[in-house]
1. Report the residues of the stretch 5-22 in range of a label on residue 128: point 7 Å along Cα→C-beta, backbone N strictly under 18 Å from it.
2. For the stretch 141-399, what is the per residue volume of the convex hull drawn over the alpha-carbon atoms, in cubic angstrom?
3. How would you rank 357, 214, going from fewest to most other Cβ atoms within 10 Å of each one's own Cβ?
4. With both bridge residues required to lie in the chain, what share of the DSSP beta bridges run antiparallel, to the nearest 5%?
5. Within 10 Å of each residue's Cβ, count the other Cβ atoms and sort 30, 266, 346 from fewest upward.
6. Going by alpha carbons, how many degrees (0 to 90, nearest 10) lie between the helix axis of 242-254 and the longest principal axis of the chain?
7. Between the stretch 324-392 and the stretch 196-214, how many Å separate their Cα centres?
8. For the stretch 4-135, take the convex hull of the Cα atoms, compute a quarter of its surface area, and give me that in nm², please.
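Rule-based calculations on the coordinates, nothing more; no lab input. Please read these numbers as outputs of a predicted model, since none were measured by experiment. Glycine also receives a Cβ, built like all others from the backbone with ideal geometry; neighbour counts cover every protein chain displayed.
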């Protein structure tokens, strides 16, 4: 299927001189999207660090790569070069800085990575001002309906087929499992992804040797998803120091296995300030349907705030709210560091607005507050035209996001 990130790449190539950094999980579509650049530029080259031939070429230095690309001869127009998984090279920042500074006028550069591009070999020369970073997320309702670049945050509602929403809920948003829509394929895909993270990516990223304990944590986090991350509880369960648990979870986050949502405390009396909530990039792994739906909503909101920020619409972030009286709302989206809208995720419609949603909407004097319900039929009305707390169908609400 077409992806919205292809539109981002095309737009960037026509507008900007900076390198494109595409970061996201393995098999989320980074390589596929980057290679689409071949359709808009006549000259294109793909260089993969995991290829022995390409690795030797990169190690020889920027001049060797330029010769390989034919940039030492006069040519009309710029070549697009994709460096895939380059961040695994010890001196990747130094290489890119030198290559960009020398050949900026001869090429467009796309760099992809399946681990966060700032975690490998920190230090060295800064790349500041030489790149724009775009974070690629799994498929969402908004992306199924719209693949073109958007100039504003919220789109008008558009109906998604109920069958497509159910497939997205069951199989997650990674392209292959979603498009294949087979339980057997999905099970095998998840098993292989787990092996890849634990036996390949972890070894490349860190010096962690306790792989059995790490696998136990991997599995436990599936059960803990959509809940507050209690490090002390995990430490007792695994008989491992809290500092080690924190470090391991940071590695899992760097490899796009999970992500966290921080608590919001400004303007909230007696708010919880420390404990994060944990979510998985692949919500299809979660068995409990209520937790799975909350994770799906978290992933859609996380994708939207990243997209809005990466494309220059403003500064956006995702939080949750909880106070010491245990009142909680699942999500708060901020725009330019100010509360914008609240979201409470509900699997079924009980017809009554959450008291906590009403309470915090009043406390924050917020513009929008939504109780988003999975089993509620689509309504062709703009959720964001309503200025008071309201119950909305997931199919309507999610269609207006990225």
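1. 18-19
2. Hull volume normalised by residue count: 139 Å³.
3. Arranged by neighbour count, lowest to highest, 357, 214 become 214, 357.
4. Bridges in the chain are about 35 percent antiparallel.
5. Ordered from fewest to most neighbouring Cβ atoms within 10 Å, 30, 266, 346 come out as 266, 346, 30.
6. Helix 242-254 and the main axis of the chain meet at about 60 degrees.
7. If we compute the Cα centre of each part, the gap is 39 Å.
8. 7.4 nm²
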